[in-house]
1. Can you name the number of the only condition in (1) touching a Lys or Arg at 6+ places or on another chain (Cβ under 8 Å); (2) of a type in the set (D, E, K, R); (3) near the ligand (Cβ under 10 Å from one of its atoms) that D34 fails?
2. In segment 102-129, which residue that is free of Cβ contacts under 8 Å to residues at least 60 places away in the same chain and not aliphatic (A, V, I, L, M) is farthest from the ligand (Cβ to nearest atom)?
3. With the checklist (1) surrounded by fewer than 18 Cβ atoms within 10 Å (Cβ to Cβ); (2) near the ligand (Cβ under 9 Å from one of its atoms) in hand, flag the one item A39 doesn't pass.
4. Out of everything in segment 11-29 that is in contact with a strand residue (DSSP E or B) (Cβ under 7 Å, 6 or more places away or on another chain) and part of a loop (DSSP other than H, G, I, E, B), what residue ends up being nearest to L105 (Cα to Cα)?
5. Considering only segment 157-170, state which residues are away from the ligand (no atom under 12 Å from the Cβ) and outside any helix (DSSP H, G or I).
6. Inside segment 2-28, can you point out the residues that are more than 9 Å from the ligand (Cβ to nearest atom), open to solvent by 30 Å² or more (accessible area, probe 1.4 Å) and either among the small types (G, A, S) or under 14 Å from A68 (Cα atoms) (or both)?
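The values are calculated or read from the model by the stated rules, or taken from the named source; none is laboratory data. Because the structure is predicted, anything quoted here is derived from the model rather than measured. Cβ: placed from backbone, ideal geometry, glycine included. Neighbour counts: every protein chain shown. SASA here: full protein model, heavy atoms, side chains in, ligands and nucleic acids out. Shrake-Rupley method; radii C 1.70, N 1.55, O 1.52, S 1.80 Å.
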Amino acid sequence: MTTIDIVQGDLTKQSVDAIVNAANSTLLGGGGVDGAIHAAAGPALLEECRRLRQTTFKDGLPVGQAVATGAGNLPCRWVIHTVGPNWHRGQTDPALLADCFVNALLVGAGIGARSIAFPAISAGVYGWDIDEVARVATQAVRADPPVTIDLIRFVLFSVRDFEAFKRVLP
Ligand code: AR6
């Protein structure tokens with residue numbers, strides 16, 4: 001049985017096995033939750049991301065795909081990086097956003113993570129409406145979660161985002 005819950009707070013403070021980063025395809029950091037994760041993790045995370053760019057993802061991580069790294073100084077064991085669709089660039093297909101959640105769970109299950117915490121991917125800089133993100137995210141993780149994952153948590157930074165998730169996941 002997989003439990004799905006929502007909390008308001010800071011993703012970087014979560015004591016779960018893995019947290020999911022709303023990254024960009026460069027994997028080299030940015031603002032928002034990505035910036036907060038790299039700041040809290042320290043330089044080891046950026047170093048690992050650089051190595052991924054030199055090897056597996058020479059052209060960057062494609063939208064909707066996911067990849068795991070260590071977590072540096074964060075309280076979790078792994079960071080799973082995914083790239084949400086950017087509404088401002090015309091990436092408005094909900095299937096792309098759903099892929100982020102589904103693939104992050106698959107990657108997490110693959111490395112042995114039993115608890116995974118997500119931010120509201122694409123709801124910040126990438127411009128998606130929070131209600132749409134809440135709908136797509138909860139539908140995607142509810143559909144067919146890997147059996148080895150006990151806990152899926154959404155960590156919402158603002159009250160407004162938390163309320164949006166609460167409406168679709170009472
Ligand atoms: N904990 C939880 N949620 C957070 C935190 C935090 N510490 N900080 C911000 N959020 P965004 P995106 C929320 O912009 O839209 C970056 O520059 C925030 O309130 O982080 O997928 C990347 O490098 C919002 O609801 O991600 C990319 O270039 C949600 O996290 C680009 O932004 C997502 O906002 C990705 O944009």
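1. Unmet for D34, out of (1) touching a Lys or Arg at 6+ places or on another chain (Cβ under 8 Å); (2) of a type in the set (D, E, K, R); (3) near the ligand (Cβ under 10 Å from one of its atoms): (1).
2. Top of the filtered list is G110.
3. (2)
4. Result: D17.
5. L169, P170, listed by residue number.
6. Answer for segment 2-28, where residues must be more than 9 Å from the ligand (Cβ to nearest atom), open to solvent by 30 Å² or more (accessible area, probe 1.4 Å) and either among the small types (G, A, S) or under 14 Å from A68 (Cα atoms) (or both): S15, D17.
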